[in-house]
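A.B. asks: Below: one structure in structure tokens.
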Amino acid sequence: MAFFRFALLAIVALPCLASAQPAPAPSEDVTVTGTKSRQVIAHFVSSFAKPTRMTGKIARWEIALCPVTAGLRPGANRFVTQRVREIAAKIGAPVSDKASCTPNIAIEFTTTPQALLDTIRKQKPSILGYYDNSNQLAKLATVTRPIQSWYATATKDVDGGIEPDRAVKNGIGLALDRDGEPGKFVFPNATAVHVTGSHLGDGLRSTFLNIVIIADRNSLANYELGAIGDYISLLALSQLNDLEACQELPSIVNLLASSCGRKVDAITDNDLGYLRGLYKMGPDRTMRSQQDEIAYQMEQSLTGR
């Protein structure tokens, strides 16, 4: 766990969540009570999908994911990690099959979430995601939810070249002629990417490099571990737009949406349909095309076609 060792700070043996032992894995056969019309599904997708800063596209795992969980008893840690792996395999995301892999999803249960996040901000802020300045970093590194996630993404070009998404680039630099005038325009940190030139798909895609998920144990004491594991799994496989929005179609995100009366305690067919669409969509398509593809795949999944 070398990559995230800095984040796993002096975890002592703390009492577990609501139940002493992990709850059995919940059934995914949740009845969808809302309409499955394309319009409702499209709204569900648009409320879920969050574009990355650099490409304006939806990110997903392109490399094999490797989750690790800390802060609970060993059996509970294994339960959450295995749940992420199971759902990832179910929806077609790449999962590492190595017995010992380098973690790229760090799931941390703690009673002091802001203190942990402050340490990450000081030691390795780049894993929290994109920011332009110190003010944006301060806002980014603020705990606002019982379970919160941070995404470090990268842009992958048509030739497979990968550049982490960040404000300051470590590129080779570019020097351009001044259109007949003496001297050159110099861009010291610029990088070059290879694209297709097509308006439908330019060859650029957004991928996850790592994800940090912090869960506040004090706020989650009355929740079953099975429901928490499903909620975390959704965050580990997709970057969502608004976790406070109460979804019209049943979704595990409603579990912690404070204004939502329709609580759900297991991942739903709608969530799984969205994830399947996410991992089937054309990764280099425009944001609108990606949303349309996800909605189509989700509709096919929900109607059983």
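A.B. asks: Looking only at region 44-66, filter to residues that are part of a loop (DSSP other than H, G, I, E, B) and of a type in the set (Val, Ile, Thr); which one of those is farthest from residue 230 (Cα to Cα)?
C.D. replies: For region 44-66, the residue satisfying everything is 55.
A.B. asks: Please note which strands (runs of 3 or more DSSP E) are completely contained in region 170-255 and include at least 1 residues that are out of contact with any Ser or Thr (no Cβ under 6 Å at 6 or more places or on another chain) and modelled with pLDDT of 90 or more.
C.D. replies: By residue number, 205-216.
A.B. asks: Please count how many residues of region 141-168 are under 20 Å from residue 57 (Cα atoms) and either among the polar types (S, T, N, Q) or part of a helix (DSSP H, G or I) (or both).
C.D. replies: 3
A.B. asks: Something else: In region 76-123, which residues are aliphatic (A, V, I, L, M), within 24 Å of residue 141 (Cβ to Cβ) and surrounded by 15 or more Cβ atoms within 10 Å (Cβ to Cβ)?
C.D. replies: Listed by number, the residues that qualify are 80, 84, 105, 106, 107, 116, 117, 120.
A.B. asks: Restricting to region 153-162, and then to whatever is crowded, with 20+ Cβ neighbours inside 10 Å and not β-branched (Val, Ile, Thr), can you tell me which residue is nearest to residue 118 (Cα to Cα)?
C.D. replies: 154
A.B. asks: Report yes if residue 275 is touching a Phe, Trp or Tyr at 6+ places or on another chain (Cβ under 7 Å) and at pLDDT 95 or above, otherwise no.
C.D. replies: no
A.B. asks: Within region 238-252, does at least one residue satisfy the condition of being of a type outside the set (D, E, K, R) and touching a Pro at 6+ places or on another chain (Cβ under 7 Å)?
C.D. replies: No; the residues of region 238-252 include none that is of a type outside the set (D, E, K, R) and touching a Pro at 6+ places or on another chain (Cβ under 7 Å).
A.B. asks: Further, regarding this structure: Filter region 284-305 down to residues that are of a type outside the set (Gly, Ala, Ser) and part of a loop (DSSP other than H, G, I, E, B) and give me whichever is farthest from the chain's Cα centre (by Cα).
C.D. replies: Filtering region 284-305 for residues that are of a type outside the set (Gly, Ala, Ser) and part of a loop (DSSP other than H, G, I, E, B), the one farthest from the chain's Cα centre (by Cα) comes out as 305.
A.B. asks: Does residue 281 count as over 15 Å from the mean Cα position of the chain (by Cα), modelled with pLDDT of 95 or more and among the hydrophobic types (A, V, I, L, M, F, W, C)?
C.D. replies: Taking the combined requirement at face value, the residue satisfies it.
A.B. asks: Okay, moving on. Determine which member of the set 81, 69, 119 is outside any helix (DSSP H, G or I) and modelled with pLDDT of 95 or more.
C.D. replies: Criteria check complete, one pass: 69.
A.B. asks: Quickly run through region 267-292 and pick out the residues that are farther than 22 Å from residue 233 by Cβ and in contact with a strand residue (DSSP E or B) (Cβ under 9 Å, 6 or more places away or on another chain).
C.D. replies: Those that are farther than 22 Å from residue 233 by Cβ and in contact with a strand residue (DSSP E or B) (Cβ under 9 Å, 6 or more places away or on another chain): 282, 284, 285, 286, 287, 289, 292.
A.B. asks: Which one of the conditions (1) within 19 Å of residue 108 (Cα to Cα); (2) touching an Asp or Glu at 6+ places or on another chain (Cβ under 8 Å); (3) surrounded by fewer than 20 Cβ atoms within 10 Å (Cβ to Cβ) does residue 221 fail to meet, given that it meets all the rest?
C.D. replies: (2)
A.B. asks: Moving on. For the list (1) under 24 Å from residue 231 (Cβ atoms); (2) surrounded by 15 or more Cβ atoms within 10 Å (Cβ to Cβ), I need the number of the one condition that residue 165 fails.
C.D. replies: (1)
The values are calculated or read from the model by the stated rules, or taken from the named source; none is laboratory data. Not measured: the values here are computed from a predicted model. Using ideal geometry, Cβ is built from the backbone for each residue, glycine included, and neighbour counts are taken over all protein chains shown.
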